[in-house]
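First up is the structure itself, then whatever we jot down about it.
Throughout, read-outs are computed from the coordinates displayed, never taken from laboratory work. Worth saying up front: this structure is predicted, and the values here are computed from it rather than measured. FYI the Cβ positions are ideal-geometry reconstructions off the backbone, even for glycines, and counts take in every protein chain you see.
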Amino acid sequence: MDDRLHETFWAWALNRYEARALRDCLLALQDSSGLVVVQALLYAWLAERGRQLTSDEVRTLERTMAPWVAHILQPLRRQRVVWRDGEEFTRLYTEALQLELEGEKALAKLLCDCLTPPHSGSVPIPVGSNLCLITALSAPDDLDSLVAAFGQ
């Protein structure tokens, strides 16, 4: 995939993540349901671009994502959380947070590289059309709260 497209997504994702209500919802679902934040952001971004994901694309994205999340992001997150509670670990916590962000950016590129053109349609589609394809969102309220958070 064109790196400019990946960078466009990443800039959009960072901008959207700044919205407190969305960030809080994403992090709560990450903790309660195992939501992968980058996946939710990518699916919403694609919907805003008019791109409806197919079931084959979702399977490919999830197969690509699973080992990265299990072997890179989750261990970094677990260690960062341990370091959050001690003054002596402030520097390590900050460095782990930065590493986690870089890991999420790398995951975003891996996921974007899985997509085949066309990368956008002419008219945005409802974000729920793609977000409903995230298997971690098994409870109906999870999807509803995430769709609402993207709408704010």
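Tabulated results
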quantity: Tally, over region 138-152, of residues that are closer than 14 Å to Asp31 by Cβ and either surrounded by 13 or more Cβ atoms within 10 Å (Cβ to Cβ) or among the hydroxyl-bearing types (Ser, Thr, Tyr) (or both); calculated: 3
quantity: Residue selected from region 59-69 under the condition in contact (Cβ under 8 Å) with a residue 40 or more places away in the chain and crowded, with 17+ Cβ neighbours inside 10 Å, by the criterion farthest from Leu137 (Cα to Cα); calculated: Trp68
quantity: Flag if Ala11 is farther than 21 Å from Asp113 by Cβ, surrounded by fewer than 18 Cβ atoms within 10 Å (Cβ to Cβ) and of a type in the set (Gly, Ala, Ser); calculated: no
quantity: Tally of residues being over 16 Å from the mean Cα position of the chain (by Cα), over 23 Å from Leu99 (Cβ atoms) and not small (Gly, Ala, Ser) across region 52-77; calculated: 3
quantity: Test: Ala96 is surrounded by fewer than 13 Cβ atoms within 10 Å (Cβ to Cβ) and without any contact (Cβ under 8 Å) to a residue 24 or more places away in the chain; calculated: no
quantity: Filtered residue count, region 14-38, keeping only those that are surrounded by 14 or more Cβ atoms within 10 Å (Cβ to Cβ), of a type in the set (A, V, I, L, M, F, W, C) and farther than 17 Å from Pro126 by Cα; calculated: 9
quantity: Among the candidates Ser122, Ser145, residue that is hydroxyl-bearing (Ser, Thr, Tyr) and in a helix (DSSP H, G or I); calculated: Ser145
quantity: Candidates Leu46, Leu5 - the one that is touching a Cys at 6+ places or on another chain (Cβ under 9 Å), touching a residue at least 40 places away in the same chain (Cβ under 8 Å), closer than 14 Å to Leu111 by Cβ and part of a helix (DSSP H, G or I); calculated: Leu5
quantity: Qualifying residue in region 84-103 (condition: in a helix (DSSP H, G or I), within 24 Å of Arg4 (Cα to Cα), charged (D, E, K, R) and out of contact with any Leu (no Cβ under 7 Å at 6 or more places or on another chain)); calculated: yes
quantity: Out of Leu73, Leu110, Leu41, sole residue that is surrounded by 18 or more Cβ atoms within 10 Å (Cβ to Cβ), closer than 19 Å to Leu5 by Cβ and of a type in the set (A, V, I, L, M, F, W, C); calculated: Leu41
quantity: Residue tally, condition farther than 19 Å from Gln30 by Cα, within 22 Å of the chain's Cα centre (by Cα) and of a type in the set (Val, Ile, Thr), over region 81-122; calculated: 2
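So that you can scan it fast, the table gives a plain yes or no per residue for (1) farther than 20 Å from Thr94 by Cα; (2) outside any loop (DSSP other than H, G, I, E, B):
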position	(1), (2)
Gly50	yes, no
Arg63	yes, yes
Pro67	yes, yes
Arg78	no, yes
